[in-house]
Each structure stands twice: as C-alpha cells, then as structure tokens.
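Before any comments, here is the structure.
The values are calculated or read from the model by the stated rules, or taken from the named source; none is laboratory data. Since the structure is predicted, the reported quantities are computational estimates derived from the model, not experimental observations. Positions of Cβ are backbone-derived with ideal geometry, glycine not excepted, and every protein chain shown enters the neighbour counts. Each accessible area value is taken on the protein alone, full model and side chains, heavy atoms only, with ligands, DNA and RNA left out. Shrake-Rupley method; radii C 1.70, N 1.55, O 1.52, S 1.80 Å.
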Amino acid sequence: VQASAVVVVMRPTPTRGAYALAAIAAAAVVLRVIGLTYGLPAVYNPDETPILNRALAIAQDAKPQNFVYPSLYFYLLFVWEGLYFVGGRLLGSFSSLTDFQTAFFTDPSGHFLAGRVFSVLCGTLTVVAAYLLAARLYDRPTGLIAAAAMAVSPIAVRDAHYVKLDIPTTMFVAFAHVA
C-alpha cells in the first residue's frame with residue numbers, strides 16, 4: 001500500500017484592511033504629487049536650494065560641513081541624486097557627469113524635482129508608519145484612521161512638495177516609534 005500526501009499551499013490573501021491602506025497610500029501619493037513642479041525652474045522655498053547644495057557638495061567632501069540639519073538626510077539626498085543621475089544616464093538625459101553638473105547650473109528643475117520625489121516617497125512611507133504605530137497601539141481600524149489623517153494632513157502634504165528635511169525626519173521618527 002502506498003501512501004500519498006497531498007500538500008495544500010495556503011497563500012495569504014489581502015484583507016480589506018490591506019486594500020484600504022493601499023488606497024490611503026495611493027491618495028497620499030496623489031496629494032503629494034499634484035503641484036510637485038511648482039515654480040520650477042525657479043525655487044521659491046528658501047530652504048530647498050541650500051539643502052540641495054549641501055547634499056550635492058558631498059561629492060567633493062564627505063563631511064557636510066554644516067550641522068544645523070541632521071547629516072543623514074544630506075547623505076540620503078546625495079545617494080538619491082546619484083540614482084537620478086544613473087537613471088538619467090540610462091535614459092539618455094545625461095551623457096556624462098559633466099552634463100549632470102551643468103544641468104544643475106543651467107536648469108536645475110530635474111535636480112529639484114528628484115529631491116521632491118524623495119520627499120513624496122518619505123511622506124507616503126510616513127502614512128504607512130502612522131498605520132503601523134496606531135494599529136500596534138490600538139487596533140487596525142484606528143491604524144487606518146491614523147494613516148488617513150496623515151495622508152491628508154495639510155502640513156505633511158505641503159512639506160512633501162519641497163526638498164526639505166521635515167518629511168524624511170518625520171518618517172524616521174515615526175518608524176522609530178514603530179520599532
């Protein structure tokens with residue numbers, strides 16, 4: 001007599017809560033992307049230019065030379081701008097590092113837009129962190145409410161439109177609380 005075993009693989013299926021969180025995160029992205037090119041090629045927020053300058057200056061000196069703001073953000077923004085260069089190089093926007101540098105001085109729109117996209121990403125991840133924290137402290141419906149509140153928070157949405165450290169710092173603080 002041969003015995004045969006039947007193995008049933010159960011794959012977890014997304015719950016309504018996961019779909020709700022995905023919808024909230026998508027709404028957060030949309031709110032943060034609308035108007036992302038505001039003012040470009042001019043930059044009207046006084047914080048954006050010095051922050052991006054310090055981040056890009058890491059290519060010459062690995063020390064930010066300014067400790068008014070947390071240094072980790074400058075390093076992350078430098079890496080993000082490096083990814084922008086690699087993507088632009090692969091897509092043919094930059095034929096060399098010199099083209100990338102020249103673009104910053106002739107029309108810095110792409111550099112600022114790349115930095116702003118980083119803020120959008122961090123802002124959206126903050127929405128997820130708000131969900132995780134509230135769900136851990138209370139329950140999943142409360143987590144969804146917290147995520148929705150963070151997704152539409154006027155200050156969080158506004159600041160995610162700029163190359164500023166407020167949104168990434170908020171994200172790190174939120175994930176630190178989750179941890």
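Overview of results
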item: Whole-number D in µm²/s for region 68-107 (Stokes-Einstein; Kirkwood sum over Cα pairs; 25 °C, 0.890 mPa s); result: 224 µm²/s
item: Ellipsoid equivalent to region 36-92 - semi-axes via the Cα gyration tensor, in Å; result: 20, 18, 8
item: Accessible-area value, ARG116, 1.4 Å probe, nucleic acids and ligands omitted, Å²; result: 0 Å²
item: Mean ellipticity per residue at 222 nm, deg cm²/dmol - from DSSP H runs of n ≥ 4 across the chain, formula -39500 (n - 2.57); result: -21500 deg cm²/dmol
item: Solvent accessible area, Å² - ASP166, 1.4 Å probe, full protein context; result: 60 Å²
item: Among LEU113, VAL163, THR126 the positive-end extreme of the charge dipole of region 93-173 (Cβ point charges); result: THR126
item: Debye equation applied to the C-alpha atoms of the chain, log10 I(q)/I(0) at 0.15, 0.16, 0.17 Å⁻¹; result: -0.90, -0.98, -1.06
item: Neighbour-limited loop hits for chymotrypsin sites (Phe, Trp or Tyr not before Pro), region 28-128 (at most 10 other Cβ within 10 Å; DSSP other than H, G, I, E, B); result: TYR44, PHE67
item: For the chain, built as a Gaussian network whose Cα springs stay under 10 Å, the top-fluctuating residue of PRO141, PRO46, PRO108; result: PRO46
item: Only Lys, Arg (+1) and Asp, Glu (-1) charged, at Cβ; the chain dipole about Cα centre in debye; result: 540 debye
item: Convex hull projection area averaged over all views, region 13-53, Cα basis, nm²; result: 4.4 nm²
item: Whether region 60-156 is rounded, prolate or oblate, judged on the alpha carbon gyration tensor where a/c under 1.5 counts as rounded; result: prolate
item: Solvent-accessible area, 1.4 Å probe, carbon plus sulfur percent, for the chain; result: 67 percent
